[in-house]
Amino acid sequence: MKRVAVFASGNGSNFNSIVEGEDESYQVALLFSDQPQSYALTRAIDIGVKSESLSPKDYPDKLAYEADLLALLIRNHIDFIVLAGYMRLIGPTILKYYKDKIVNIHPSLLPEFPGLNAIGQALDAGVRETGVTIHYVDEGMDTGPIIKQEKVLIEKADTYESLQKKVQKVEHRLYPETLKELLRKDEVVAEASVN
Ligand code: GAR
């Protein structure tokens, strides 16, 4: 079973659904937030998941922040990192240590509408469909090899709120489902290499 850390900066609804999806392939061992006031931290306390927060503002630079964050992850024996609304680029310290072991979810069909406010970007562009992408994380913003995508249709009557609701409904099913597939496979590979 893989010990997963979920990183969230805000609401944490994906964190919640990832915890609800736990099975023999993974366990959420830690909720980490870069925002000490985030609702994700409150959720973690409510559902009994260990939580930690470090504020980048307390560090001179990203290297120092990530050095502490890496130590925290190692202390908690974290195998795999799941970004769920973590609104910060992952730097070289964490990327190097957790090579190919960090995934992200983004509310668009990447490479369309990367960055902030992907849902608003899709509405402003007047496109008929958008969606959800789960991808491995590299040094870029919402770049890295795509693992899974699912479309969401945009109707004429959709507002920001209604579209966000549709997108998040997909996210809450797709993220735990995909993690199980990835981490179960990972387990099999790890066992095979031991024998
Ligand atoms: C999610 O919709 C996620 O796809 C998005 O932030 C939201 C977090 O919601 N992530 C990005 O835009 C990353 N570029 P949540 O805090 O309720 O899980």
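The values are calculated or read from the model by the stated rules, or taken from the named source; none is laboratory data. Note that the structure is predicted; figures quoted are calculated from it, not measured. Cβ: placed from backbone, ideal geometry, glycine included. Neighbour counts: every protein chain shown.
Would you confirm whether any residue within the range 120-137 is among the hydroxyl-bearing types (Ser, Thr, Tyr) and within 24 Å of VAL19 (Cβ to Cβ)? Checked the range 120-137: at least one residue is among the hydroxyl-bearing types (Ser, Thr, Tyr) and within 24 Å of VAL19 (Cβ to Cβ). For TYR98, are the conditions met, namely being surrounded by fewer than 18 Cβ atoms within 10 Å (Cβ to Cβ), modelled with pLDDT of 95 or more and of a type in the set (Phe, Trp, Tyr)? No; evaluated as a whole, the condition is false for this residue.
Name the residue that is nearest to the ligand (Cβ to nearest atom), counting only residues in the range 151-168 that are acidic (Asp, Glu) and part of a loop (DSSP other than H, G, I, E, B). Going through the qualifying residues, I end up with ASP158. Consider the range 17-47. How many of its residues are in contact (Cβ under 8 Å) with a residue 60 or more places away in the chain and within 15 Å of GLU171 (Cα to Cα)? Qualifying residue count, the range 17-47: 4.
When LYS99, LYS148 are checked against the criterion of being assigned to a loop (DSSP other than H, G, I, E, B) and either more than 9 Å from the ligand (Cβ to nearest atom) or basic (Lys, Arg) (or both), a single residue qualifies: LYS99. Looking across the range 1-51, the residues that are hydrophobic (A, V, I, L, M, F, W, C) and part of a helix (DSSP H, G or I) come down to PHE15, ILE18, VAL19, ALA40, LEU41, ALA44, ILE45, ILE47. Tallying residues that are over 20 Å from MET87 (Cα atoms) and either in a helix (DSSP H, G or I) or not acidic (Asp, Glu) (or both) within the range 113-129 yields 6.
Residue by residue, here is whether (1) surrounded by fewer than 18 Cβ atoms within 10 Å (Cβ to Cβ); (2) away from the ligand (no atom under 16 Å from the Cβ) holds:
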position	(1), (2)
LEU73	no, yes
ASN76	yes, yes
ARG88	yes, no
LEU110	no, no
LEU116	yes, no
ASP124	yes, no
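Only residues that are over 17 Å from ARG88 (Cα atoms) and either surrounded by fewer than 15 Cβ atoms within 10 Å (Cβ to Cβ) or in contact (Cβ under 8 Å) with a residue 60 or more places away in the chain (or both) were counted across the range 48-71, and they come to 3.
In this structure, is SER162 modelled with pLDDT of 95 or more, surrounded by 18 or more Cβ atoms within 10 Å (Cβ to Cβ) and not basic (Lys, Arg)? Spelling it out, it is not the case that SER162 is modelled with pLDDT of 95 or more, surrounded by 18 or more Cβ atoms within 10 Å (Cβ to Cβ) and not basic (Lys, Arg). Within the range 130-156, the set of residues being among the hydrophobic types (A, V, I, L, M, F, W, C) and modelled with pLDDT of 95 or more comprises VAL132, ILE134, VAL137, ILE146, ILE147, VAL152, LEU153, ILE154.
Could we say that ALA64 is within 13 Å of the ligand (Cβ to nearest atom) and in a helix (DSSP H, G or I) here? Against the criterion (within 13 Å of the ligand (Cβ to nearest atom) and in a helix (DSSP H, G or I)), ALA64 does not qualify. The set of residues in the range 144-183 being within 13 Å of the chain's Cα centre (by Cα) and among the hydroxyl-bearing types (Ser, Thr, Tyr) consists of TYR175, THR178.
Of the residues making up the range 3-28, just one is of a type outside the set (A, V, I, L, M, F, W, C), touching a strand residue (DSSP E or B) at 6+ places or on another chain (Cβ under 7 Å) and more than 18 Å from GLU181 (Cα to Cα), namely SER9.
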